[in-house]
Amino acid sequence: MVCHAEIWGRSASILLMLLSVQGLKPLTAIAAEPTIHDLAARKTVLRDRTVAQTTGNPAAPPLYPSAAPPPTVIPLPDQRQQQDEQTTADYRVTALQSDGNSTLWVGSWQGLAQINPNSGKVRARISLPNPTIGALAKDRVGRIWVGTYEGLSRIDPHTGAITAQNFFLPSNRVLSLLIDQRGYLWVGTDDGLALVSPDRGLLMTTLKNLPGVSANALSLDADGNLWVGTLDGLVQIDTASATIIKRLSNLPGTTVQTLALSPWGTLWIGTANGLLELDKAGQQVRSVTQLRGRNITALQFDKVKSLWIGTTTGLVRINPFNGAVAGAIGKLPSSRVLSLAADTGNKLWVGTSEGLAWVSMTTFRTGTHDTFRRGQ
């Protein structure tokens with residue numbers, strides 16, 4: 001007698017054979033009807049790719065959605081955008097140019113402004129093609145020359161209008177400016193020097209093959225020759241012929257970042273590793289012991305012959321005859337000093353990486369100019 005399990009097994013085999021002959025799928029391969037949850041999940045996955053829907057009638061035209069799908073990236077709110085812009089703003093004050101005792105030009109990475117140094121009131125803001133200022137200079141007739149990271153411009157101080165620009169410089173990144181004894185303008189860039197006629201607003205000559213490449217700082221000596229601080233020491237230039245007279249390399253600190261001519265004719269040199277003094281003959285260099293190891297970024301003599309020294313770690317005043325530190329100045333917007341202007345409105349003006357400050361020339365009290373600092 002055949003058991004029931006054996007009979008059922010034979011029956012199942014016969015049924016599968018019949019289905020395969022008729023081209024039908026076995027029962028185990030037939031998919032179940034989708035549930036409401038399955039349809040919703042599929043709709044979520046295909047939502048961004050759906051361009052048309054059908055009604056179920058093959059003869060009916062497709063139905064297009066009445067509105068576009070939501071954007072995949074949500075724009076930032078206005079307040080968030082403003083906050084991001086403020087975060088990336090740069091408040092460094094890189095250049096200061098005194099115009100008598102009643103006007104100070106302030107060059108920063110926010111642009112150019114003219115202020116009253118006595119009251120601190122901002123008289124004007126000058127619109128420039130590029131607001132990132134690297135250097136300022138005033139020519140013999142009072143016009144203001146502005147070197148930015150995109151070139152050189154001449155400004156009428158009365159109207160604020162740009163009266164000359166688009167010079168063919170060795171590089172458009174201007175780092176230093178200086179008016180020589182003849183009244184010509186020397187322009188230091190990160191790829192050499194140029195000489196410009198301020199009156200005609202014309203480029204006269206260029207000096208591209210400058211030893212040390214970058215003209216970081218400029219100063220005249222007692223004989224009217226030009227000294228250029230470079231990435232590799234000092235270069236002396238004959239201003240009449242625009243030719244190199246001599247080169248001084250192997251200086252402590254190597255890179256010259258700032259220069260200042262003393263009232264008695266010696267050249268003071270600020271490097272990344274200290275303060276140096278070059279004698280009038282341009283031969284002997286002495287190091288100021290008290291400033292060894294300091295990163296010197298700005299130098300300025302005042303009318304009483306004190307030397308103000310800006311560093312990456314603060315502002316100090318020294319007696320240049322013996323090198324004694326007369327005092328350190330605190331309460332600045334930042335300890336990183338970038339520019340100095342002495343005896344303007346009875347103040348020493350100090351440009352830092354975080355804004356503009358001043359020091360009283362009589363009491364040495366300090367203050368911050370609220371217009372040129374973060375949060376204003």
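If each Cα of the stretch 242-284 is one equal point scatterer, what is log10 of I(q)/I(0) from the Debye formula at q = 0.15, 0.24 Å⁻¹?
Log10 of I(q)/I(0), two decimals: -0.38, -0.91.
Sorted by average packing, counted as other Cβ atoms within 10 angstrom per residue and highest first, what order do 336-342, 130-136 take?
Result, highest mean Cβ count within 10 Å first: 336-342, 130-136.
Beyond 24 Å, what share of the Cα-Cα pairs of the stretch 181-333 is found? Please give it as a whole percent.
33 percent
Would you mind working out the accessible area per residue for the stretch 92-158, using a 1.4 Å probe, and quoting it in Å²?
Using a 1.4 Å probe on heavy atoms only, each residue of the stretch 92-158 averages 39 Å².
Using a probe of 1.4 angstrom, how much of the accessible area of the stretch 241-336 is carbon and sulfur, in percent?
The C+S portion of the solvent-accessible surface of the stretch 241-336 is 47 percent.
Can you flag which of Lys121/Lys331; Lys280/Lys331; Lys138/Lys208; Lys138/Lys280; Lys280/Lys303; Lys208/Lys331 are past 32 Å Cα-Cα?
Lys280/Lys331; Lys208/Lys331
Can you pull the percent of the stretch 79-190's accessible area that's carbon plus sulfur, 1.4 Å probe, other chains left in place?
That share works out to 41 percent.
With the convex hull built on the Cα atoms of the stretch 158-206, state its orientation-averaged projected area in nm².
3.8 nm²
How big is the convex hull of the Cα atoms of the stretch 100-142, per residue, in Å³?
Looking at the stretch 100-142, the number lands at 81 Å³ per residue.
The values are calculated or read from the model by the stated rules, or taken from the named source; none is laboratory data. All values reported here derive from a predicted model rather than from experimental measurement. All Cβ positions, even for glycine, are placed from backbone atoms using ideal geometry, and neighbour counts span all protein chains on display. Ligands, DNA and RNA are stripped out before the accessible areas are found, and what is left, the full protein with its side chains, is counted by its heavy atoms. Shrake-Rupley method; radii C 1.70, N 1.55, O 1.52, S 1.80 Å.
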